[in-house]
Amino acid sequence: METTAKRPTEEKLKPKLFSVIKHYSKEQLIKDITAGIIVAIIALPLSIALALASGVNPEQGLYTAMIAGFIVAFLGGSRVQIAGPTAAFATIVAGIVARQGMNGLIISTVMAGLIMVVMGLCRFGSLIKYIPGTITAGFTFGIAVTIAIGQLKDFLGLTFTNSPIETVDKLTEAVSCIGTFNWQALLVGAVSLAILILWPKKLDKIPASLIAVIVGSAGVALLNLNVNTIGDLYTISSDLPSLTLPEVTFDNVRELIPDAFTIAILASVESLLSCVVSDGMIGSKHRPNMELIAQGCANIGSALFGGIPATGAIARTAANVRNGGRTPVAGMVHSVVVLIIIIALMPYASLIPMPTMAAILFVVAYNMCGWRNIRNMFRTAPKSDIFVLIVTVVLTVVFDLVVAIGVGMVLAAILFMKRMADVTEAHAWVDVDDEETDADNILRKKIPPHTRVYEINGPMFFAASERYKYMLDDTDISVLIIRMRNVPAIDAAGVEALSRIVKRCERENVRVVFSHVNEQPMHIMEKAGLISEVGRDNFCSHIDTALLRADELVKKA
């Protein structure tokens, strides 16, 4: 018979550390320490590179990894989240620093942290899904493009006449100054890039970025190459961070509010996405509202002690899991190791060549751009979704993330309302008692053994894509029938939700049968390749036919 969705229990605002520490063991402590050390080694070059891309001093990236990483591990709602500076903030931070200086960055980051804490206390963690995937993919790709363009100067060893801030201006300046190209810088950058690409294919246990930094620094020093290093452009400090209180005025608070909201939204989306990815890797479930509170506190702490905005880092979190980290202790160890690095090794950072940093950021940009996801969207998403995606990318590159997200959300809302208006219809029933007059009610049907029938009512779109996870909560079933007679429309996120259900069914040897798929969903599912994956024989025009097909599959099993 049909079942209804289970009401989720209200999430408790309790850090994961306090839950997992009750059953902590010596064996897990050793694994967490090992994972924390490895992640800290990975974070070292990345944190420095991202600080440089953000227009701040190298040590500020490490301050962020140390302070934000510890706070998120201690207070966070995930077992394995690693926080620190990420590429998503590079262009935002660089713009704020250029306009308002470090004082403006501290104010905007603290405000963003307060916004995130309030979001967590108000239990807004589940509302992040209302930001469409097309906008997230669009601004992520746009940020990757801006980061890559920003590295052309150092990778090619160019000497700029001006000091451009905007991405388009940087590209224009790079083209106009191409005559100042330095072949030695390009050589160092190319070798570093080759190491970053080829090294993980052979020895992925040792971070490729660390090898690239060592080889690049040694090559420049031993061969006496004419290549700028971090020490040539920045003053390196091995001092520990100290508390810095900003000068706050009403005017700069008012001016920085849009940046603060952008940082808060972006940090929330990226952090919770990282939690979802890590949940799938370790079979756990994070607490989104507690994670938002922790990320907010981490950003406040990072800003007040000389750092930059922080968020959950998907790549570092995945590395933590792959190396045995299973509790927040690994994230805390990572922060302590970064502290030791700041005290003992920061002077050596001055030897790192700028082309090597550029190469690292090229790889970061490539890894974050999500081109495969965008390619799939172009194949399967409606034209309206693709339009929003393209507009978001262009606005991110040409203007900034604040404009891109604002315009993207407005466009998505308008196009969504149009889509809903196109598919909404009203019926006049002869009898108001639908249960008695509906001859196709599933309660009147005989369901074969080991078969479950689920009926989806309403359009399947991005905000509703998480409602269908409960379909496979039942055990001991051989066939799952998904009845879609009341689904008038579906978008890319809805197709992705169905695709996840089908893939999970394949892993658990459960056959899927679709009943009464309407024209628009059928067209989108066909474009996505879902029909060929499930098999056309398993798409039935009526529930009676679907039940007969299920009975046939059960007997064959």
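Here's the yes/no breakdown for (1) within 18 Å of Gly406 (Cβ to Cβ); (2) among the acidic types (Asp, Glu):
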residue	(1), (2)
Gly101	no, no
Gly104	no, no
Ala112	yes, no
Ile131	yes, no
Ile135	yes, no
Phe141	yes, no
Gly150	no, no
Asp154	no, yes
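Return yes when Ser163 is surrounded by fewer than 23 Cβ atoms within 10 Å (Cβ to Cβ), among the small types (Gly, Ala, Ser) and free of Cβ contacts under 8 Å to residues at least 60 places away in the same chain and no when it is not. Criteria met by Ser163.
Just to be sure before I move on: is Ile143 surrounded by fewer than 17 Cβ atoms within 10 Å (Cβ to Cβ), closer than 25 Å to Val391 by Cβ and in contact (Cβ under 8 Å) with a residue 40 or more places away in the chain in the structure I sent? Spelling it out, it is not the case that Ile143 is surrounded by fewer than 17 Cβ atoms within 10 Å (Cβ to Cβ), closer than 25 Å to Val391 by Cβ and in contact (Cβ under 8 Å) with a residue 40 or more places away in the chain. Scanning the stretch 68-91 for residues that are outside any loop (DSSP other than H, G, I, E, B) and within 19 Å of Phe305 (Cα to Cα) returns Ala68, Gly69, Phe70, Ile71, Val72, Ala73, Phe74, Leu75, Ala83, Gly84, Phe89, Ala90. Looking across Leu292, Leu304, one residue alone is more than 15 Å from Thr109 (Cβ to Cβ) and crowded, with 19+ Cβ neighbours inside 10 Å. It is Leu292. For Gly84, the conditions (1) at pLDDT below 90; (2) surrounded by 24 or more Cβ atoms within 10 Å (Cβ to Cβ) are fulfilled apart from (1). Pairs meeting the criteria (first residue in the stretch 172-186 and closer than 29 Å to Leu222 by Cα, second residue assigned to a loop (DSSP other than H, G, I, E, B) and small (Gly, Ala, Ser), beta carbons under 6 Å, at least 6 apart or on different chains) are Asn182/Gly157; Ala185/Gly157.
Taken over the stretch 122-134, the residue count meeting the criterion of being among the β-branched types (Val, Ile, Thr) and surrounded by fewer than 24 Cβ atoms within 10 Å (Cβ to Cβ) is 2. Report whether or not Ile206 is surrounded by fewer than 19 Cβ atoms within 10 Å (Cβ to Cβ), β-branched (Val, Ile, Thr) and not assigned by TED's automatic domain parsing to the domain that holds Ser335. In short, yes.
Being in a helix (DSSP H, G or I), modelled with pLDDT of 85 or more and under 22 Å from the mean Cα position of the chain (by Cα) is a condition met by no residue of the stretch 344-351. If you go through the stretch 224-247 and pick out every residue that is surrounded by 12 or more Cβ atoms within 10 Å (Cβ to Cβ) and farther than 17 Å from Leu361 by Cβ, you end up with 9. When residues in the stretch 99-112 are screened for being of a type outside the set (Val, Ile, Thr) and either out of contact with any Leu (no Cβ under 8 Å at 6 or more places or on another chain) or not in a helix (DSSP H, G or I) (or both), 6 of them pass. Could you tell me whether the stretch 198-206 includes any residue that is aliphatic (A, V, I, L, M) and modelled with pLDDT of 85 or more? Scanning the stretch 198-206, I find at least one residue that is aliphatic (A, V, I, L, M) and modelled with pLDDT of 85 or more, so the answer is yes.
All conditions but one from (1) within 20 Å of Ile293 (Cα to Cα); (2) in the same structural domain as Gly150 (by TED's automatic domain parsing) apply to Lys16; the one that does not is (2). Restricting the stretch 189-230 to residues that are closer than 25 Å to Phe160 by Cβ and not in a helix (DSSP H, G or I) leaves a set whose member that is farthest from the chain's Cα centre (by Cα) is Asn224. For the stretch 113-135, a tally of residues being among the hydrophobic types (A, V, I, L, M, F, W, C), under 18 Å from the mean Cα position of the chain (by Cα) and assigned to a helix (DSSP H, G or I) returns 4. Under 16 Å from Thr64 (Cβ atoms), in contact (Cβ under 8 Å) with a residue 24 or more places away in the chain and within 21 Å of the chain's Cα centre (by Cα): is that true of Met102 in this structure? Here the answer is no, as Met102 does not meet what is asked. Might you let me know whether the stretch 103-121 holds any residue that is within 30 Å of Ala493 (Cβ to Cβ) and surrounded by fewer than 17 Cβ atoms within 10 Å (Cβ to Cβ)? Yes: the stretch 103-121 contains one or more residues that are within 30 Å of Ala493 (Cβ to Cβ) and surrounded by fewer than 17 Cβ atoms within 10 Å (Cβ to Cβ).
Yes or no: the stretch 393-403 includes at least one residue that is touching a residue at least 60 places away in the same chain (Cβ under 8 Å) and touching an Asp or Glu at 6+ places or on another chain (Cβ under 7 Å). Checked against the condition, which is being touching a residue at least 60 places away in the same chain (Cβ under 8 Å) and touching an Asp or Glu at 6+ places or on another chain (Cβ under 7 Å), the stretch 393-403 yields at least one hit.
The values are calculated or read from the model by the stated rules, or taken from the named source; none is laboratory data. Quick caveat: nothing in here was measured; it's all calculated off a predicted structure. Neighbour counts are summed over all protein chains in view; Cβ atoms, including those assigned to glycine, are modelled from backbone coordinates with ideal geometry.
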